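Report on the following structure.
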Amino acid sequence: MNTKQLCDLAVDALEDIKGIDIRVLDVGDKSSVTDIMIFASGNTSRQVKALADNVAEKAKKADMQPLGIEGDESGEWILVDLGDVVVHVMQPAVRDFYNLEKLWGEDSPAVAEE
């Protein structure tokens, strides 16, 4: 599975569970760790967990075992590492606080508003 297909799979999985404000950033030129970062929000810890679980489950069904899943015990911010694609699922307050989109890309809402 190529990076685009993996990215599409992750975005589809997030959309299935009604992920909020899904953003895809190409960070291949800024990071040696991954090529794509996907950001999405869920309103509650239960939704954040469901979003991350759905990404991991769909990846497994496509024979792409996640390299790691971090943060699933609290449900505030869960990272699903799929290698070339890293998915961050966060509650809105956590996402606003860390503002990773601004750190990694120019397409974040905070940058666009300035």
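Quick notes
- Residues in region 25-35 that are of a type outside the set (D, E, K, R) and either in contact with a Ser or Thr (Cβ under 6 Å, 6 or more places away or on another chain) or within 12 Å of residue 101 (Cα to Cα) (or both) were compared, and the one that is surrounded by the most Cβ atoms within 10 Å (Cβ to Cβ) is 25.
- Looking only at region 39-79, and only at residues there that are under 21 Å from residue 103 (Cα atoms) and in contact with a Pro (Cβ under 9 Å, 6 or more places away or on another chain), the one that is surrounded by the fewest Cβ atoms within 10 Å (Cβ to Cβ): 41
- Any pair with Cβ under 9 angstrom, 6 or more apart, that starts in region 3-16 at a residue that is more than 14 Å from residue 80 (Cβ to Cβ) and free of Cβ contacts under 8 Å to residues at least 60 places away in the same chain and ends at one that is small (Gly, Ala, Ser) and surrounded by fewer than 21 Cβ atoms within 10 Å (Cβ to Cβ): 5/62
- Count of residues meeting criterion [closer than 13 Å to residue 105 by Cβ and buried (at least 20 other Cβ atoms within 10 Å of the Cβ)] in region 3-24: 0
- The set of residues in region 32-77 being part of a loop (DSSP other than H, G, I, E, B), touching a residue at least 60 places away in the same chain (Cβ under 8 Å) and farther than 14 Å from residue 12 by Cβ consists of 63 alone.
- If you go through region 78-98 and keep only what is touching a helix residue (DSSP H, G or I) at 6+ places or on another chain (Cβ under 6 Å) and assigned to a strand (DSSP E or B), you end up with 78, 80, 85, 87, 89.
Taken together, the values in this text are just the output of simple stated rules run on the coordinates, not laboratory data. If you're wondering where the values come from, they're calculated on a predicted model, not measured in any experiment. Note: ideal-geometry Cβ built from the backbone for every residue, glycine included; neighbour counts use all protein chains shown.
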